[in-house]
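Every read-out reported here was derived from the displayed coordinates using simple, explicitly stated rules and does not represent laboratory data. What you see is a predicted model, and the numbers here were worked out from it, not measured in a lab. Cβ coordinates were reconstructed from backbone atoms using ideal geometry, including for glycine residues, and neighbour counts include every protein chain displayed.
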Amino acid sequence: MSIVSCGYKASPKQNAEEDFFLFTENLDLLRANEKTILECAEYFFCDIPFSFCSWPYVDGDGPLCLGFLLLGWRGKQLVEPCPDCAGHCLVTSFAGSPLSGGNSWTGFCSHCNKKHRKNNSAHMPFVERLRFIVNQRKQYPQTITRLEEYDAMKFTFAGHGLEPAKKVRPVTIDLYQPVPLAELIKELRNGTIRPKNPPKAK
């Protein structure tokens, strides 16, 4: 038997174009408030509806939150040369294979204000980008999994066949409640900044 992993598949979302427009129209505002966003977990884990990474075989792909994007842009792991101008594209999504290294990326150039999608990174090997995201997820977890005990039944050959038993199951717990993108932009514009609550590094 062989097991094939095809990686994370982003589900189509309603109003995707509107979300992208809202994001790009406020990109300068978000980048200008990078420090504030990185120091508040509710901002850090803000969901960017069209932003994700995908690869097979290795855990760690999936949606990319705003904090991961900001850190990747700052460290140049999520930056590519713009194919149309002398500017740089801020990568918002990428996918590829850790075996072959073949990959693709989607990003937005704030210089020429264009969205681009290209095959193969001109900036760094795909595996380096993969490692960056995997390390970010380990360093800044958004959820944790705990074992929870619960009442159940178990079968025994002695007695009546079924008898009460204690079992355990994994339960995923959200550590933070991320602010929606539209709400984050509204708060940044109004200056109603939330108290510092840095995401906890492992």
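Here is a list: Lys166, Lys115. Which entry is in a strand (DSSP E or B) and surrounded by fewer than 10 Cβ atoms within 10 Å (Cβ to Cβ)? Only one candidate passes the filter, namely Lys166. Residues in region 33-59 that are hydrophobic (A, V, I, L, M, F, W, C) and assigned to a loop (DSSP other than H, G, I, E, B): how many? Residues flagged as hydrophobic (A, V, I, L, M, F, W, C) and assigned to a loop (DSSP other than H, G, I, E, B) within region 33-59 amount to 4.
Ala16 passes every criterion in (1) over 13 Å from the mean Cα position of the chain (by Cα); (2) aliphatic (A, V, I, L, M); (3) surrounded by 17 or more Cβ atoms within 10 Å (Cβ to Cβ) apart from (3). Scanning region 76-95 for residues that are within 13 Å of Ile133 (Cα to Cα) and under 16 Å from the mean Cα position of the chain (by Cα) returns Gln77, Leu78, Val91, Thr92, Ser93, Phe94, Ala95.
Flag set for Glu128, criterion: exposed (fewer than 12 other Cβ atoms within 10 Å of the Cβ) and within 23 Å of the chain's Cα centre (by Cα).
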